[in-house]
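Got a structure for you, written out below as structure tokens; questions coming shortly.
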Amino acid sequence: MPLIVTGSIGIDSVHTPTGTAEDVLGGSCVYFAAAASFFGPVRVVGAVGDDFPDHFLEVFQHFKIGLNGLERRMGSKTFRWRGKYHENMNIRETLEVDLNVLGEAQPPVPDEYRDSRYVFLANTHPAAQLELLDNFPDRALAAADTMDLWIETERPTLLELLKRVDGLVLNDAEALMLTERTNLVRAAEAILQMGPRFVVIKKGEHGAMLWHTHGQVVLPAFPARDVIDPTGAGDSFAGGMMGYLAATGDLSLAGLGRSLAYGTMTASFNIEAFSLDRLKQVSRGDLDTRLTEYAAMLDIGESIEAASGSVV
Ligand code: AMP
């Protein structure tokens, strides 16, 4: 079923212990859409400025991302973000952020996108997220992401949004900040009190946990040997997750658990290079192969049998 996303489409500069990438394609919407595209068609609604390089559009074409909702606004500038990762890659610092076109009015939703049933509000201004949501009264599922900037500066609008979405996807530090808790289980429970039926808390290299009104799923990350750039890990996780849900329509707790596993796979590839460079090389088959490897690592039933048969 059709999936639509709004969020940032930006020009990123990223510094990691392994190197630097200047002025590369980024933005929550872009990472999300690329990851979701492995499962089915994905539509984006967002604006860029007249400084948006033409060659970035080739990346959208590569992932077959529908472009009718992308507005290049003359006289405006594209969203820009500069971030730096510390030695362990878990701690990130925003060095500069220029909202530019992200602080202006949202582009309209094209008529042909109005039948979208799965809606993802990737990280952007909560007012823009609410506005997009209003276009899809018959949606099957709406989920949102957010981040520290919006929790600090737009809390009332964000709380309004949380009353209206089915799910929230955010990272551990953001969950603690939003709920003013110091424990993730308590934070998850507090978020469910704010409105959503489920919350996914991403814990970077420590995996992800799904708290739902009907149960919980906890998964580790895929163990990574080389992390080149974690930027977009959260968005590509959400893209894999929502892409799987939109493709299967399976909104059971088991389906949500499987969607978390696919999100784990898309994020694990994304962090292997800067920008979208690694996802551009990946196929759906690669995701499934890695998922098989991952599932084998999770199969503690077999390991217990093997242990009782003594493998040492
Ligand atoms: P992630 O690593 O998944 O949290 O997302 C990284 C992406 O988010 C980068 O490509 C940035 O361009 C984008 N980004 C950074 N700050 C913001 C913000 N305040 N609002 C929207 N997008 C942002």
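Size of the dipole of the range 3-298 about the Cα centre, Lys and Arg at +1 and Asp and Glu at -1 on the beta carbon, nothing else charged, in debye to 20? Intermediate results must be reported in sequence, preceding the final value.
On the way: 26 positive and 39 negative charges, 150 e Å.
Using Cβ point charges on Lys, Arg, Asp and Glu, the range 3-298 gives about 720 debye.
Name the residue from 228, 294, 101 whose Cα lies farthest towards the positive end of the charge dipole of the range 3-298, charges +1 on Cβ of Lys and Arg and -1 on Cβ of Asp and Glu.
Most positive-ward Cα: 294.
Once you charge only the Cβ atoms, +1 for Lys and Arg and -1 for Asp and Glu, what is the size of the charge dipole of the range 163-312 about its Cα centre, to the nearest 20 debye? Walk me through the intermediate numbers first.
Values: 13 positive and 18 negative charges, 100 e Å.
Around 480 debye, computed over the range 163-312.
Then there's this: Of 167, 15, 42, which is farthest on the positive side of the dipole of the chain, counting Cα position, with +1 on Lys and Arg Cβ, -1 on Asp and Glu Cβ, and the Cα centre as origin?
Toward the positive end, the furthest listed residue is 167.
If amide hydrogens are placed 1.01 Å from N in the peptide plane, which non-local residues have theirs closer than 5 Å to the one on residue 273?
Under 5 Å from the amide H of residue 273 lie the amide H atoms of 228, 229, 278, each far enough along the sequence or on another chain.
Here is a further query. Rounded to the nearest 500, what is the chain's calculated 222 nm mean residue ellipticity when only DSSP H runs of at least 4 contribute -39500 (n - 2.57) each, over all residues? Write down the numbers at each step before the final one.
On the way: 11 runs with 116 residues, N = 312.
So the calculated ellipticity at 222 nm is -11000 deg cm²/dmol.
Now a separate question. Taking 0.36 nm per residue of separation and subtracting the Cα-Cα distance, what length does fully extending residue 91 through residue 111 add?
Values: separation 20, 0.36 × 20 = 7.20 nm, distance 4.12 nm.
Net length gain for the segment: 3.1 nm.
Quote the FRET efficiency, to the nearest 0.05, computed for residue 163 versus residue 288 with a Förster distance R0 of 45 Å and r equal to the Cβ-Cβ distance.
Details: r = 37 Å, r/R0 = 0.82.
Calculated value: 0.75.
Can you tell me how much longer the chain between residue 134 and residue 254 gets when fully stretched, taken as 0.36 nm per residue apart minus their C-alpha distance, in nm with one decimal?
Extra length available between residue 134 and residue 254 comes to 40.3 nm.
Just want the ordering: 268, 236, 252, from fewest to most Cβ atoms lying within 10 Å of their own Cβ.
On the way: 268 23, 236 29, 252 11.
Ranked by crowding around the Cβ, least crowded first: 252, 268, 236.
If packing is taken as the average count of other Cβ atoms within 10 Å, what order do 202-211, 24-33 fall into, highest mean first?
Details: 202-211: 19.7, 24-33: 29.0.
By packing density, highest mean first, the sequence is 24-33, 202-211.
A further question follows. Which value results when the Cα radius of gyration for the chain is divided by 2.2 N^0.38 Å? Mind dumping the intermediate values first?
On the way: Rg = 18.7 Å, N = 312, 2.2 N^0.38 = 19.5 Å.
Relative to the 2.2 N^0.38 Å estimate, the chain comes out at 0.96.
Could you sort the peptides 49-60, 9-20 by per-residue average Cβ neighbour count (10 Å cutoff), highest mean leading? Could the numbers behind the result be given before it?
Numbers: 49-60: 15.3, 9-20: 19.0.
Highest to lowest by the protection proxy: 9-20, 49-60.
Report the FRET efficiency, 1/(1 + (r/R0)^6), for residue 299 and residue 185, where r is their Cβ-Cβ distance and R0 is 35 Å, rounded to 0.05.
0.85
What residue among 196, 144, 83 has its Cα farthest toward the positive end of the dipole of the chain, where the charges are +1 on Lys, Arg and -1 on Asp, Glu, each on the Cβ?
196
Using C-alpha positions alone, give me the convex hull volume of the range 39-98 per residue in cubic angstrom. Show your work: numbers first, answer last.
On the way: hull volume 7.6 nm³, N = 60.
Measuring per residue, one finds 127 Å³ for the Cα hull of the range 39-98.
Every number in this text was worked out from the coordinates using simple rules, so none of it is lab data. Model, not experiment: these values are computed from the prediction. Every residue, glycine among them, receives a Cβ derived from its backbone with ideal geometry; neighbour counts consider all protein chains shown.
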